[in-house]
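Working notes for the structure below.
Every read-out reported here was derived from the displayed coordinates using simple, explicitly stated rules and does not represent laboratory data. Just so it is clear, the model here is predicted, and its values are computed rather than measured. All Cβ positions, glycine included, derive from the backbone under ideal geometry; neighbour counts span all protein chains shown.
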Amino acid sequence: MSGFRLNLRDGVGTAIGDKSIQFVFDGKPYRGREGDSLASALMANGVSIVGRSFKYHRPRGIFSAGSEEPNALVTLHRGARREPNIRATEVELYDGLTARSQNRWPSVNFDVMAINQLAGSAFSAGFYYKTFMGPGRRGHKATQFWWFCEQFIRRAAGLGRGTNLPDPDHYGRMNAYCDILVVGTGAAGLAAARRAAAGGARVIVCEERAVAGGSLTSLPDYIDGEPARDWAAGQRDELSAMDNVTLLTRTTVQSYFDDNTFLAIERVTDHQARPAAATPRQRAWNIRARSAVIATGALERPIVFAGNDRPGVMLADAARRYAVEFGTAPGRAVAVFTNNDTGWLVARDMARAGVIVTDIIDVRTDVPDEIRAISEETRAAVSTGSAIRSVKGARAVSGAVIAEYNEMTGELGETRKTIACDCIAVSGGWSPVFHLTSQQGGKPVWEAELQAFLPGEPTQNWHGAGAMVGAFGLRAALQSGDKAAGAALADAKLRKGRGHVPKVEGDAIDYAPAPVFEINSGGKSFVDLQHDVTAEDVRLAHREGFVSVEHLKRYTTLGMATDQGKTSNVTGLAIMAAASDKAIADTGTTRFRPPYTPVTLGALAGEKYGHLAAERLTPMHDWHVEQDAHMYANGPWLRPESYNLPGETVEQAYIRETRLVREGVGIVDVSTLGKIDVQGPDAAEFLNRIYTNGFAKLPVGKARYGLMLREDGFLFDDGTTWRLAENRYLMTTTTAGAGRVMEHLEYYRDFVWPNLKVALASVSDEWAGIAVAGPKSRAVLKACVKGCDVSDKGLPFMGVRDATIGGIEVKIARLSFSGELAYEVYCGSHHGQSLWDLLFKAGEKHNIVPYGLEALSTLRIEKGHVAGPELNGRTTPHDLALSGMVSSKKNFVGSVLLQRETFSKADRLQLVAVKSLDGQRVSGGSHLVSGSKDNPGRSQGHVTSPCYSPELGCYISLAMLEGGSARHGEKMFFSNPVRNKHGAVEVISHHMIDPTGGRMHG
Amino acid sequence: MRLTCPYCGSRDHQEFTYRGDATAVRPALNNTSIDDHNAYIFDRSNPDGVHQELWNHTSGCRTHLVVERNTVTHEVLSCKPVGPFARKLK
């Protein structure tokens, strides 16, 4: 293929503007024109090979002009914005755009891996299954062979690579409601939209391309006396001006969910060289529509023949669009190969635009006279009852071999003719785009007359229109669009009004193709271009016994690439049907799944990512920020990680803070803990059933540490619960567990034990919490607390008291997470900052130190208290040396399955600590092994919570180790191959400080 | 998918949390049979057709609803509140 720019004039290059645009492809600068797609600009520059294929690394060119493109996938941009597998046919050109071809090394024109083509038979259907899943050879399991080969195969197969860098863009979300959603703005979509809008409905219209109009933008017909594209532009302007219509272009309706809910992705700035900073890159629209008109048109499908993947072979209608809309000839000499009337019209329209059409090859002998007449205008040589047998040219089309073809038997004759051409425009008929309705469960029906699947009966409030329901041709499309809108208005309980169908002048042709899908001449002919699935692969799958289309699809990977087989599914089915001697209708189809085209993950994450993500702040947040605390995102919460002094690292800061807490007193914001108010006559019984330990006999004014299990016996959450009154408890949960614990309690209250009289309320945000910890904490409280004796006798360990501090009503609980003498002081959250200030002031003469999450964590690790990394959903109380917390006198959630035999095995991972013997920091995520760095041996456990311990004067970590409780004193290694770390450690008890608890009880 | 909460009206499924099979009944508190608990936790019938599911309107009124839903057609046949407060509100 050697494309070039045509002489632009009226009707040639209708989408192309005057401005010249510079862009870069594979490091080389090129020039295109305003309005070009990347594909049309490459074509106009004579670039024919734009990528290499997935499996065989065969050269590939541009195949289509839209989102169905299987071949021309490129990587756009560089750095953090690098985006692989983007269809060049959909990329709008702008100044400075950079794109790279994919899956080639060292270059797209010379690719070393193309040697795979020679080994073609080895990579046929089921290659992976046969080679790697079988019984294996010479004593080696096939799966081991896979592990060995995987690295090479992964390098050789595949498409583009993404980036590991964080996405610098942001994305938006819209929730929209309408009476009628119109999907597609071809003839049918526009007809539907104008009737729906005239009927007073709130209408949303979505168009995938940049400009509304669908096929109207390239057809030569007239509507209401003006060229179809002008009529479309007029309709577009009228719709845009209406208050009850939202017209969204560059917006693909990707998914059709239950209850007439749609997901559409709008590409807001992808076509702009310099988007405004505040504009989201893409926007996800959740559209809820009372009714919908689906006017998604049809996709042209190819005829499969030997060498049909050579650059230069492309869909006929796409070739026309390049000529008419983009003013670009797809080749210097174009041959058209068709099984229906479309090919002839394409030949005529291209010839009119100035493209030289050398040949029209039609498999049919019986071509209508008025269609034949067209060939005179194109001056092309006509071969009817003929087919392309093979393609000439190693890296791009340089010609084709034509042979006589028997439409009935599918046999090729002996007489051959070689023609010279550099582009073959192929039309194999039209496949309606019913992806959305198929997602909804609508079963497609084969319509033999049209040689096409049609969408079948609606399962929701939608009405099909245009080619999507087989209404081919402008007149039929406009009529069906108008009619569908009438039905949709009725769905939305609006007046249908009277329809109006504009007048059409132009070609009236039969869109039904001859039932020819493949010309079987023995050469390599591709059904699925993107996944390199050949017609022979499909037949092989059939010979090997794959009769269901679902199995065929998975075995051959047909239709499973990023294009989801838009141009290959029907052909694949037809070849399968022929192989099994069945009708296409009896072969069945697979169901389409959302999305219609690939979707950027950022668009789905939307406002949950980046500066729009929700944040939760504690009442003392501003104070932390004023102190220049290092803030750390802990789920949605922002918490101070450490309060660094000038020049201090985070590690230096938390070591200092930890030391000062153990020597004197520290203060920390614990407002993020989950808090649940549990009340009612049966509150005690309820908690007794939820926790592993007893709560019924807890005296009023006391707190107790409690463990919760899931029903399967694994630990779920922990925390202290305070008995405030006979029938009232205040439960605290972990920060991360607050939401799920609330749901857990509600489930048992509502569904399992509805007879218990218990009320639950989440009060996490109502209370501010401050912990004061360290040997001098009592002195601090003494200086400011009124109405409560804070001596050991007045407020014993685990005691809870009401008091006031500077007039603020508080609850003081003597609890210790750090292992020191410590208190938690709670007050109404609006008093949080005042209380913090009062406690801080009272602590000044004891040099009170604010401490962050790192020090909080270090203190509890030294003490051997478990937290999130140990409560990871895979541990039981026995594993964490908390068996003493499990009551044997009552039944509770998880009590029965905790008895499972497997939980008492001696080699379960058990909680220990390790301390570094060589001064190295114990790397987070490390495994515990017995061997050296080069030969570490198998993993015997892993570290969970590492830190530096000022108390022990070395790096330590909590860890889970096989049979760990019996292995204290053992010398081992931590090993982190990912970070290339390895170091000597000693296994020790997790009670690293004050094992008898003298400090906190003091 | 949309569910009609008897208190809040028709709402998007994103407001709700699925809590599992509403036909699974927890063994009584004094039942200590591992088999019974095992069945309650792990055995699910995955029916093809009408099924009862438990949903919590977590981003709404936090009522638990037993939703009768067809797993094939996705048709929601009914949404009934459960729990001690549901009865009193009726």
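I'd like the antiparallel share, as a percent to the nearest 5, of DSSP beta bridges with both residues in the protein assembly as shown. Walk me through the numbers before you get to the answer.
Values: 157 of 203 bridges.
Of those bridges, close to 75 percent are antiparallel.
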Legend entry - Those Cys residues of chain B for which no other cysteine Cβ falls under 4.7 Å: B:Cys61, B:Cys79
Inset, instruction - Quick one: of A:Lys392/A:Lys443; A:Lys841/A:Lys915; A:Lys841/A:Lys863; A:Lys757/A:Lys793; A:Lys483/A:Lys608; A:Lys55/A:Lys417, which pairs are farther than 30 Å apart, Cα to Cα? - result: A:Lys392/A:Lys443; A:Lys841/A:Lys915; A:Lys757/A:Lys793; A:Lys483/A:Lys608; A:Lys55/A:Lys417
Inset, instruction - In whole angstrom, note down how far apart the Cα centers of region A:264-309 and region A:744-769 are. - result: 46 Å
Legend entry - Sorted by Cβ neighbour density within 10 Å, fewest at the top, the residues A:Met174, A:Met576, A:Met972: A:Met174, A:Met972, A:Met576
Inset, instruction - Compute the signed sum of charges (Lys and Arg +1, Asp and Glu -1) over the other residues within less than 15 Å, Cβ to Cβ, of A:Thr251. - result: +1
Legend entry - Surrounding net charge for A:Gly924, when Lys and Arg each add one and Asp and Glu each subtract one, Cβ distance under 11 Å: +3
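In chain A, which whole DSSP H runs stretch at least 24 Å along their own axis (Cα) and average 0.0 or higher on the Kyte-Doolittle scale? If you can, show how the numbers build up before the last one.
Numbers: long enough: A:474-491 (25 Å, 0.19).
Result, helices passing both filters: A:474-491.
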Legend entry - Distance between region A:464-493 and region A:615-681 - C-alpha centres, whole angstrom: 62 Å
Inset, instruction - Enumerate the aspartates and glutamates that A:Lys811 could reach by cross-link, defined here as Cα to Cα under 12 Å, with residues fewer than 8 away along the same chain left out. - result: A:Asp802, A:Glu824
Legend entry - Partner chain coverage, peptide A:228-236 - average Cβ within 10 angstrom: 0
Inset, instruction - Within region A:685-754, list the GluC sites (Glu not before Pro) lying in a DSSP loop whose Cβ has at most 14 other Cβ atoms in a 10 Å radius. - result: A:Glu726
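Please report B:Arg2, A:Arg938 as a ranked list, fewest other C-beta atoms within 10 angstrom at the top and most at the bottom.
Working: B:Arg2 19, A:Arg938 9.
Listing B:Arg2, A:Arg938 from fewest to most nearby Cβ atoms yields A:Arg938, B:Arg2.
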Inset, instruction - May I ask for the distance between the Cα centers of region A:511-543 and region A:366-399, given as a whole number of Å? - result: 20 Å
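With the Cα gyration tensor of chain B giving a ≥ b ≥ c as the square roots of its eigenvalues, does the rule (a/c under 1.5 for rounded; else a/b larger than b/c for prolate; else oblate) give rounded, prolate or oblate? Write down the numbers at each step before the final one.
Details: a/c = 2.43, a/b = 1.41, b/c = 1.73.
Taking the square roots of the gyration eigenvalues as a ≥ b ≥ c, chain B is oblate.
Given contacts defined as C-alpha pairs under 8 Å and at least six residues apart, what's the relative contact order of region A:850-970, whole-number percent?
Working: 158 pairs, mean separation 33.4, N = 121.
Reported as a whole number, the value is 28 percent.
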Legend entry - Partners for A:Lys524 among aspartates and glutamates (Cα-Cα distance below 18 Å; same-chain residues under 8 apart left out): A:Asp309, A:Glu411, A:Asp532, A:Glu536, A:Asp537
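Taking the beta-carbon count within 10 Å as an exposure proxy, list A:Ser215, A:Ser930 from fewest neighbours to most.
Values: A:Ser215 21, A:Ser930 14.
The order, fewest Cβ neighbours first, is A:Ser930, A:Ser215.
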Inset, instruction - Mind checking which aspartates and glutamates have their Cα closer than 16 Å to the Cα of A:Lys697? Skip sequence neighbours fewer than 8 apart in that chain. - result: A:Asp682, A:Glu685, A:Glu726
Inset, instruction - Let me know the mean shielding of A:747-755 by other chains, meaning the per-residue number of their Cβ atoms within 10 Å of its Cβ. - result: 6
